[in-house]
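Peer 1: Pasting in a structure now, in structure tokens, and then I'll have a few things to ask.
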Amino acid sequence: MVSHEELLSLAKLAKLSIPPEKLQNLAEEMNSIIDFADTINSIPADHNDFDNINGLSNVFREDTIQESLPQEEILKNAQDQDDGCFLVKKRS
């Protein structure tokens with residue numbers, strides 16, 4: 001359980017100010033989060049039952065070599081191009 005003193009100490013380290021009227025509510029919320037983390041931590045994680053729930057081992061298709069579109073066809077709708085490459089504006 002997080003005490004008011006611990007909460008104020010954490011707030012000081014984070015350079016935050018907590019109004020006194022919000023201290024109790026914030027402490028309860030922090031304790032709720034810690035309790036939830038403890039609940040998750042208590043779940044055994046030494047098995048892999050959830051790794052593959054549908055039984056499929058490899059759902060990817062095989063790679064196949066096939067003819068690609070001609071470069072002119074690919075670039076015909078490009079706004080700007082240079083020497084067979086798309087030209088795009090630099091993003092900052």
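The values are calculated or read from the model by the stated rules, or taken from the named source; none is laboratory data. Keep in mind that what you see is a predicted model, and the values were worked out from it rather than measured. Neighbour counts are summed over all protein chains in view; Cβ atoms, including those assigned to glycine, are modelled from backbone coordinates with ideal geometry.
Peer 1: Within region 9-16, identify whether any single residue is touching a Leu at 6+ places or on another chain (Cβ under 7 Å) and surrounded by 10 or more Cβ atoms within 10 Å (Cβ to Cβ), and answer yes or no.
Peer 2: no
Peer 1: Would you check if D38 is exposed (fewer than 10 other Cβ atoms within 10 Å of the Cβ), modelled with pLDDT of 90 or more and on the phi > 0 side of the Ramachandran plot?
Peer 2: Values: exposed (fewer than 10 other Cβ atoms within 10 Å of the Cβ): yes; modelled with pLDDT of 90 or more: yes; on the phi > 0 side of the Ramachandran plot: no.
Here the answer is no, as D38 does not meet what is asked.
Peer 1: Please work out if F36 is within 30 Å of V2 (Cβ to Cβ) and not in a strand (DSSP E or B).
Peer 2: For F36, the condition - within 30 Å of V2 (Cβ to Cβ) and not in a strand (DSSP E or B) - is met.
Peer 1: Sticking with this structure for a sec: Give region 11-31 a look and list any residue that's of a type in the set (G, A, S) and in a helix (DSSP H, G or I), or say none.
Peer 2: A11, A27, listed by residue number.
Peer 1: In region 51-58, is there at least one residue being assigned to a helix (DSSP H, G or I) and either loosely packed, with under 10 Cβ neighbours inside 10 Å or under 29 Å from the mean Cα position of the chain (by Cα) (or both)?
Peer 2: No, region 51-58 has no match at all.
Peer 1: Something else about it: Do we find a residue being touching a Phe, Trp or Tyr at 6+ places or on another chain (Cβ under 8 Å) and surrounded by 10 or more Cβ atoms within 10 Å (Cβ to Cβ) anywhere in region 59-79?
Peer 2: Looking for residues that are touching a Phe, Trp or Tyr at 6+ places or on another chain (Cβ under 8 Å) and surrounded by 10 or more Cβ atoms within 10 Å (Cβ to Cβ), one finds at least one in region 59-79, hence yes.
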